[in-house]
Each structure stands twice: as structure tokens, then as C-alpha cells.
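Input: a single structure, listed below in C-alpha cells.
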Amino acid sequence: MTTAAASYPSRWRAPSIFGSPGRRLVFWALVCVYLVWSLSTLNVDMARILAGLPRAWTILARMVPPDFGRWELLLTGMVESVQIAIAATIIGAVLSIPIGIAAAANLSPRPLYLLARAFIVTGRTFHEVIIAIFFVKLFGFGPVAGLLTLAFSSAIFLGKMLAEDIENMKPGPVEAIRATGASFGQTFFYAVVPQVLVKTLGVLIYRLDSNLRHSTVIGIVGAGGIGQTLSASFSRYDFDFASAILLTIAAMVAFGEWFSDWARRRLR
């Protein structure tokens, strides 16, 4: 009895993902080797980094205090960013509906499903900044490029999330509606929409919050909004005004985060 009790541990421990201490040691050794190799191939120049620290301190010192004197220009850029974010979210939500339906394996035919999934994967390959550069080249500098950029990205993101929600819904209501001889539209509105509406609204609110942040980033490459004003202020070494822009952007993002949390709580 004593031998049997001694063969079992008295305290439970979670199993290691490595399987053994030796494998764990090999794993961390490989991580260290990879880091050393990466730093050696990236040509990290510590002398250059140390030389840049005084310049960073100079820039930070010139950013204090922030200059809100040109508040008209600041307000114009912020309003433009908000307009781009809201309009792009609405347009993206409308475009995401056919994309999401086509990309749902339990609703669309196999060829259409594969085509829609390929479109989503291709669209998600590129970051918003890269897409913004493309639209700036097509339509020139300004908010039109920013609106098209965020609308395209929103349609891809919301379409993917909608397709996954449709695929994960309960099949019972869909089969019951189809058994009555309902058309595809009736099946969608009476069996699919009630199951995915709340989740889709939550994702839509999250995307609006993301677009508020993205609208400030894509402006740096000329796609309108407050980001374009920020880029111009840095290029003119107008660091006190740039500080005011950054603080305003932070306040806008914080408000968007608060609104997103409030709206999601209301949907629960």
C-alpha cells in the first residue's frame, strides 16, 4: 500500500507543452540563437541609437507645451477623420453582407464559397496603409482615398466575421424555415438574421472604434484626416502643434473606446 501511494505524486501539475526539461532547454536555446542571428543580420548600430537619444530629448522638449492656437485646423482634421471613419464603417457594413453570405459554407454553393474566401484572404493580406497608398495613387491626396481604404478593409473584416457567425449558428431554425418552402431571402431574414444580429452589431461597433484609430494612421500617407495634418506638422518641425494633434488623437481614441464599451454593454 505504501509503495503504491509513493508511486503517484501528491500534487497535480499541469503537463508541460515541451514534454521534458531537455526539450524545453533546447527550445529556449534555439530562441536565443535566433535572436542573436536576427540582430546580427539587421545591422543594429548601437552608436547610431545612442546618437539619436539627444535628438529625441530635443524633440520632446520642443513638444512641451502643446500649441492649441491653430484649433481651427486641428478641428477640421479631427472632424474629417471622424467623418471618414463613420462613412467607411457604414459602407463597409453594407458591402460585407453579400461577402459574408457568399463566404458561408452552409449558405452558398461551393464555387461561390471558394471565390468569396479567396477574395477575403487576398483583401486581408494587405495592411490599411498599403491599401491607402494604392488609393492615393489612384485618386490623389485627400479624404476620398481614406474613405475607400477603410470601406474596403471594413467590408473584408466584417464579411469574414459575418461568414463565421453564419457558419457557427444553429442549423435547426434554418432547416425548419426551409421545410416550409421559404425562399432564400425568407430563410435568411427569418432564420439567419435573428441568430447573428447581436454578434454582428457588436463587431460593427468594434470596427467603428478601429476605423477611428486607422483614420489617423492612413492620413500620414496622404489619405486625409488628422493624420495628414500631423505628418505636415512633423515635416515642418512644428513639434508643439504636433503635440497638440497627438493629444487630440489620444482623446478621440479614448472616447471611441468608451463608446464601444458602452454600446456593447447595451447590446448584452
Checking Val253, Val198 in turn, the sole residue that is in contact with a Lys or Arg (Cβ under 8 Å, 6 or more places away or on another chain) and in contact (Cβ under 8 Å) with a residue 12 or more places away in the chain turns out to be Val253
Among the residues of the stretch 226-268, which ones are of a type in the set (S, T, N, Q) and under 24 Å from Asp67 (Cβ atoms)? Gln228, Thr229, Ser231, Ser233, Ser235, Ser243, Thr248
Check the stretch 174-192 and report whether any residue there is under 20 Å from Tyr113 (Cβ atoms), among the small types (Gly, Ala, Ser) and in contact (Cβ under 8 Å) with a residue 24 or more places away in the chain. no
Quick check, is Lys160 under 28 Å from Thr229 (Cβ atoms) and among the basic types (Lys, Arg)? no
If you go through the stretch 200-219 one residue at a time, do you hit one that is closer than 14 Å to Thr76 by Cα, among the hydroxyl-bearing types (Ser, Thr, Tyr) and over 19 Å from the mean Cα position of the chain (by Cα)? no
For Leu150, all conditions in the list (1) more than 30 Å from Ile218 (Cα to Cα); (2) in contact with a helix residue (DSSP H, G or I) (Cβ under 9 Å, 6 or more places away or on another chain) hold save one; what is the number of the exception? (1)
Please count how many residues of the stretch 90-112 are buried (at least 18 other Cβ atoms within 10 Å of the Cβ) and over 13 Å from Ile156 (Cβ atoms). 4
Scan the stretch 219-253 for residues that are at positive phi and crowded, with 23+ Cβ neighbours inside 10 Å and jot them down. Gly224, Gly225
Report the residue count in the stretch 52-104 for those that are β-branched (Val, Ile, Thr), more than 29 Å from the chain's Cα centre (by Cα) and in a helix (DSSP H, G or I). 2
Scan the stretch 226-235 and give yes if some residue there is under 17 Å from Ser153 (Cβ atoms) and either out of contact with any Cys (no Cβ under 6 Å at 6 or more places or on another chain) or not in a loop (DSSP other than H, G, I, E, B) (or both), otherwise no. yes
Scan the stretch 96-112 residue by residue and report those that are of a type in the set (Ser, Thr, Tyr) and modelled with pLDDT of 90 or more. Ser96
Filter pass, Ile218 being more than 20 Å from Ser153 (Cα to Cα), in contact with a Gly (Cβ under 9 Å, 6 or more places away or on another chain) and in a helix (DSSP H, G or I): no
Number of the exception - Asn168 against (1) over 18 Å from Val196 (Cβ atoms); (2) without any contact (Cβ under 8 Å) to a residue 12 or more places away in the chain: (1)
Give me the pairs: first residue in the stretch 77-100 and more than 18 Å from Phe119 (Cα to Cα), second residue of a type in the set (D, E, K, R) and surrounded by 22 or more Cβ atoms within 10 Å (Cβ to Cβ), beta-carbon distance under 6 Å, and six or more apart or on different chains, which are they? Thr89/Arg207
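The values are calculated or read from the model by the stated rules, or taken from the named source; none is laboratory data. Since the model is a prediction, treat every value here as computed from it, not as a measurement. Glycine also receives a Cβ, built like all others from the backbone with ideal geometry; neighbour counts cover every protein chain displayed.
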